[in-house]
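For reference, the structure is listed below as structure tokens.
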Amino acid sequence: MHSYLRAIGFANITKESEVEKLLEDVYKKFDHREAVREDDTAFIEMEKEFAPDMGIKLCGDVDGDGFHRQYYFPYYKGRSVTTSEEVSVERRVNGDSFAGICDDGRVGVSLIFYLQNAARYRQEQILNQLKGIPVTTTFTGLSSGGKILFPVAKKASAENMDFEKKSVAHRSQLMSAAKNGDPDAIESLTIEDMDLYSMVSRRVYKEDVFSIVDTFFMPYGMECDQYQILGNIEYCQKVQNTVTDEYVYQMTLECNDMYFDICVNAKDLLGVPEIGRRFKGNIWLQGQLNFDL
């Protein structure tokens, strides 16, 4: 049973027989289907929504003997492009699913994500349309649980906001230069990190760490595509699963100047999410490659 089914409103499903019944519904009453043919078989993705922009994808092969299920996963589709940085995609060891990796200087770590649109990616591979064509990525996260924090008090002046934007842009430039082996950029980043560590070490004696750290994005647990995040809520809505009637919060977060969408079951969220507050929790990171630019 997929542990992130609860994130899209299936927290009460506890038996494999219930999951099988749900997958049978996806197979017979899918909303959208994507297929790619290779030799004597075809790889097919079938998806069914159970709330706006979120549902279950059922994936497998079709041959002369019929449909053979490989895997399924819950998904949530994002509303906008998250990054335009270059993405590398590799096949996972279990079947025809794929993982992507993206180096975005705003985060500071390589982001590994589960690819949502594997069939479309394979189509583009077969057509050889990936070479030299820029592809954007839309990130989303399915959360296993989290809590709502109040925002950090800031001096909201135009001068401070402009300074923050320039600082983020400058750091991204340094990260990009450091990856290319620029010794001056590496030295500058090292000094900045030392100064930051010194500042945090002084303030943490008198302040809570979440009043010092505004947002963060860091790996979590043993799985490479799971992260712990702290982000500012830019948009929030409460939707209802059409099958279970469970409520799910869908939120747009700003984290390290990167915008992406997450969803979390209302049962797994501590606090009331509102625009301007912050979400802290664990997510399974998914990504959709956008080929139609």
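The values are calculated or read from the model by the stated rules, or taken from the named source; none is laboratory data. No experiment lies behind these values; they were computed from the predicted model shown. Neighbour counts are summed over all protein chains in view; Cβ atoms, including those assigned to glycine, are modelled from backbone coordinates with ideal geometry.
Counting just the residues of region 26-51 that are in contact (Cβ under 8 Å) with a residue 60 or more places away in the chain and surrounded by fewer than 15 Cβ atoms within 10 Å (Cβ to Cβ), which one comes out nearest to Tyr121 (Cα to Cα)? Checked region 26-51; the qualifying residue nearest to Tyr121 (Cα to Cα) is Ala35. Condition check for Ile191 on (1) exposed (fewer than 12 other Cβ atoms within 10 Å of the Cβ); (2) farther than 25 Å from Arg277 by Cα; (3) β-branched (Val, Ile, Thr); (4) modelled with pLDDT under 80: one failure, at (4). Of all residues in region 255-278, one or more are touching a strand residue (DSSP E or B) at 6+ places or on another chain (Cβ under 6 Å), more than 20 Å from Asn117 (Cα to Cα) and free of Cβ contacts under 8 Å to residues at least 40 places away in the same chain.
Among Asp193, Asp214, Asp182, Asp225, which is the only one that is of a type in the set (Asp, Glu) and more than 27 Å from the chain's Cα centre (by Cα)?
Asp182
Of all the criteria given as (1) farther than 21 Å from Val248 by Cα; (2) touching a His at 6+ places or on another chain (Cβ under 9 Å), the one not satisfied by Phe73 is (1). A Cβ distance below 7 Å, combined with a sequence gap of six or more or placement on separate chains, defines the contacts here; from region 62-80, residues that are in contact (Cβ under 8 Å) with a residue 60 or more places away in the chain reach residues that are among the basic types (Lys, Arg) in the pairs Tyr72/Lys57; Phe73/Lys57; Tyr75/Lys57.
For Gly132, the criteria (1) surrounded by fewer than 11 Cβ atoms within 10 Å (Cβ to Cβ); (2) at pLDDT below 75; (3) part of a helix (DSSP H, G or I) hold in every case but one, which is (3).
Apart from one condition, Pro183 fits all of (1) closer than 15 Å to Arg106 by Cα; (2) at pLDDT 80 or above; the exception is (1). Of the residues Val209, Val204, Val213, Val200, the single one that is aliphatic (A, V, I, L, M), at pLDDT below 80 and within 22 Å of Ser172 (Cα to Cα) is Val200. Within region 112-123, the presence of a residue that is surrounded by fewer than 16 Cβ atoms within 10 Å (Cβ to Cβ) and either modelled with pLDDT under 90 or within 20 Å of the chain's Cα centre (by Cα) (or both) is excluded. All conditions in (1) farther than 24 Å from Cys236 by Cβ; (2) in a strand (DSSP E or B); (3) of a type outside the set (D, E, K, R) hold for Val93, with the sole exception of (2).
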